[in-house]
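**Q** I'd like to ask some things about the structure below.
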Amino acid sequence: MNTKLVTLITVLVMAIVVGIVLLIDTPADESTTSAIIQGNDFEAAAEAVRSVGGEITHELGVIRSVGATVTVSQLERLEALPDLRIFENHGVVVAAKPGQIEPTAYPKTVWASLLHEEGITGRGVTIAMLDTGGWSHVVLNKDTRGWWRHIAQYDAILDEVLASLPIADIGPVSGVGTITNDTSGHGSHVASIAVSSEMQDRKKQEFDGVAPDALLVTARAFDAAGQGTYADVIRGIDWIVQNRELYGIRVLNCSFSAEVRSHYWDDPLNQAVMAAWQAGIVVVASAGNTGPDPMTIGVPGNVPYVITAGAMTDNYTPYDEIDDSLASFSAAGPTYEGFVKPDVLAPGGHLRGMMPNPSTIVTEHPEFFFGSTYFTMSGTSQAAAVVSGVVALMLQVEPTLSPDDVKCRLMSTAKPRADGGSVNGAASYSILQQGAGLVHAWDAAYSTDYACVNQGLDVTNDLLGVEHYGGRVHQAADGSFYLADPYDDEGDGDGILEGDGYTWTGAYLWND
């Protein structure tokens, strides 16, 4: 046989054998997945990912974690390592939907206008909006005096600071080059509800925003469709916590929601929110738009420490509370661990806010866009923005308030609601639908209440895994929920009716 032919046949046979061996030795599925890896500290989590050859995509020091892209086999090797916790990088969505073209006088509905008349407008307090980005518009960039107040923009998806003006450098002629990176429109809408300096009536000093002089930080963690991931949202929270002193951040608005998949303390997004609360930032979260059935509160609204906002609607008559009602979409409690949620209500039905054109929401729903600037939306996203604005007003009046103090005063001064307005002989909504009731900005700002919420809870021990907590809502054999006796020493009480509002007085250690 020809020598060259023999050599060629030999080479072909060897190639086939090597191919078969590789086919046998190579795992059938080496597809990649996105995960969050948590260790005893950040470096331990990062080193674990590096040790198996995974790609670190997010540094999430706020929860001792990294986001990573790993193959199936790498994930299996990580799962075999000690002292690691692995979470799926779940999706998160913003919590709002288009509504009819009717403006709502929400600053008046929550009595913020009374504070505006006294010069209480949120000045000196920074609200961080973790959402779909920011819009470079004059009434968002500047306060009522014309001073620059949109002091920072951060993109958590790109991990990039787009604009920065430290709070120490703010003055009448200072400014920063902000950009419009909100391709969705949702973030601009909720920001305008909280802080717009647009005036409805100059003579009466009536503003569109609840806190028209508050400082604004926008952090983008959601795309044009309002979709985000745990890793991006947590990276946004991490940046906000790290830069809270640089920009004077006192309030974090979380107008988004995700499905509850675990105990509140086992969810990495919830852990990040708890860390922000621990750091002294007042976190306001939307209840979610999955109501009205019980146990529909989403993440991070199910965190017991934070202020969770449900939504009410004025039925298009903002100056007549007789026909006010709970919004049908507003999520209801209790949480899986038995906590009463939401904590308070705020206007969330058909709120007029600002939105850039073009943006995804405007393009998809032009019928709700008017005046080249304004868009009407409904949702607990909008309710959360109203509450964040109220918190800024409270902190201007008394800057030393802790997050627990703020939550206490909001709840102790809130006004319980009934179907058709305030409670005047009418049947009140359940506290699992409305919490303490509709927020009252003026009363909350001048309240002197302390230590009426989160009693028996320790956020530090919770984050460390030393102990976890349960609320005091129980489920009867027939499926109904009831609130246990608040004076029961066995740990079965959670709320009492006191004056015009409910206050919550404790929790018990969770026992699996």
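The values are calculated or read from the model by the stated rules, or taken from the named source; none is laboratory data. For clarity, every value in this text was computed on a predicted model and none was experimentally measured. We place every Cβ from the backbone using ideal geometry, glycine too, and count neighbours over all the protein chains shown. Keep in mind that these areas ignore ligands, DNA and RNA; they rest on the heavy atoms of the full protein, side chains included. Shrake-Rupley method; radii C 1.70, N 1.55, O 1.52, S 1.80 Å.
**Q** Across region 279-395, what fraction of all alpha-carbon pairs, as a whole percent, falls in each successive 10 Å bin from zero upward?
**A** 15, 38, 34, 13, 1
**Q** Determine the per residue accessible area of region 250-383 with all protein chains present and a 1.4 angstrom probe, expressed in square angstrom.
**A** Numbers: 3600 Å² over 134 residues.
Here the per-residue accessible area is 27 Å².
**Q** What shape does region 198-323 take by its C-alpha gyration tensor, where a ≥ b ≥ c are the square roots of the eigenvalues and a/c under 1.5 counts as rounded, a/b above b/c as prolate, and the rest as oblate? Write down the numbers at each step before the final one.
**A** Working: a/c = 2.08, a/b = 1.26, b/c = 1.65.
Taking the square roots of the gyration eigenvalues as a ≥ b ≥ c, region 198-323 is oblate.
**Q** Going by average Cβ density within 10 Å per residue, which order do the peptides 33-43, 76-86 take, highest to lowest? Walk me through the numbers before you get to the answer.
**A** On the way: 33-43: 18.3, 76-86: 13.5.
Ranked by mean Cβ neighbours within 10 Å, highest first: 33-43, 76-86.
**Q** Solvent-accessible area per residue for region 43-193 at a 1.4 Å probe radius, Å²?
**A** Numbers: 5950 Å² over 151 residues.
Spelled out: the 1.4 Å probe surface of region 43-193, per residue, equals 39 Å².
**Q** Per residue, what volume in Å³ does the convex hull of the Cα atoms of region 120-164 enclose?
**A** On the way: hull volume 3.8 nm³, N = 45.
In region 120-164, the Cα hull volume divided by residue count equals 84 Å³.
**Q** Could you please state how large a percent of the accessible area of region 69-198 is carbon and sulfur, counting protein chains only and using a 1.4 Å probe?
**A** On the way: 2580 of 4980 Å².
Solvent-exposed carbon and sulfur of region 69-198 make up 52 percent of the total.
**Q** Multiplying the sequence separation of E43 and I167 by 0.36 nm and subtracting their Cα-Cα distance, what value in nm do you get? Before the final figure, lay out the partial values.
**A** On the way: separation 124, 0.36 × 124 = 44.64 nm, distance 3.10 nm.
Full-extension gain reported as 41.5 nm.
**Q** Equivalent-ellipsoid semi-axes (√(5λ), Cα gyration tensor) for region 118-265, whole Å, largest first? Mind showing how you got there, number by number?
**A** Values: eigenvalues 133, 56, 41 Å².
Listed largest to smallest, the semi-axes of region 118-265 are 26, 17, 14 Å.
**Q** Taking K and R as +1 and D and E as -1, what net charge do the other residues with C-beta under 14 Å from the C-beta of S188 add up to? Please list the in-between numbers first.
**A** Values: positive: R220, R352; negative: D131, D182, E198, D208.
Around S188, the surrounding residues sum to -2.
**Q** Y336 to E76: FRET efficiency via 1/(1 + (r/R0)^6), r the Cβ-Cβ distance, R0 35 Å, to the nearest 0.05?
**A** Rounded to the nearest 0.05, the efficiency is 0.75.
**Q** Follow-up question, since we're still on this one. Using a cut-off of 11 Å between beta-carbons, work out the net charge of the residues near L84 (Lys and Arg +1, Asp and Glu -1, L84 not included). Write out the running numbers ahead of the final one.
**A** On the way: positive: R64, R77, R85; negative: E47, E79, D83.
Its environment carries a net charge of 0.
**Q** Further, regarding this structure: Can you work out the FRET efficiency for the pair D323 and E59, with r the C-beta to C-beta distance and R0 = 51 Å, to the nearest 0.05?
**A** Details: r = 50 Å, r/R0 = 0.99.
With a Förster radius of 51 Å, E is 0.50.
**Q** Here's a follow-up. Which order, highest average first, do 356-369, 113-126, 206-219 follow once you tally other Cβ atoms within 10 Å for each residue and take the mean per peptide? The partial results should precede the final answer.
**A** Numbers: 356-369: 17.0, 113-126: 20.4, 206-219: 27.8.
The peptides rank, most packed first, as 206-219, 113-126, 356-369.
**Q** Relative to the present Cα-Cα distance, how much length would full extension add between T180 and T69 at 0.36 nm per residue of separation? Please report the intermediate quantities before stating the final value.
**A** Values: separation 111, 0.36 × 111 = 39.96 nm, distance 2.98 nm.
Here the answer is 37.0 nm.
**Q** Could you derive backbone 3J(HN,Hα) for region 208-223 from the dihedral phi with the Karplus parameters 6.51, -1.76 and 1.60 (θ = phi - 60°), listing whole Hz in sequence and x where the residue is Gly or Pro?
**A** Calculated HN-Hα couplings, in order: 6, x, 5, 10, x, 10, 5, 7, 10, 10, 10, 10, 8, 9, 10, 8 Hz.
**Q** Report the full-extension gain for the segment E467 to D83: residue separation times 0.36 nm, less the Cα-Cα distance, to one decimal in nm.
**A** Numbers: separation 384, 0.36 × 384 = 138.24 nm, distance 1.78 nm.
Roughly 136.5 nm would be gained on extension.
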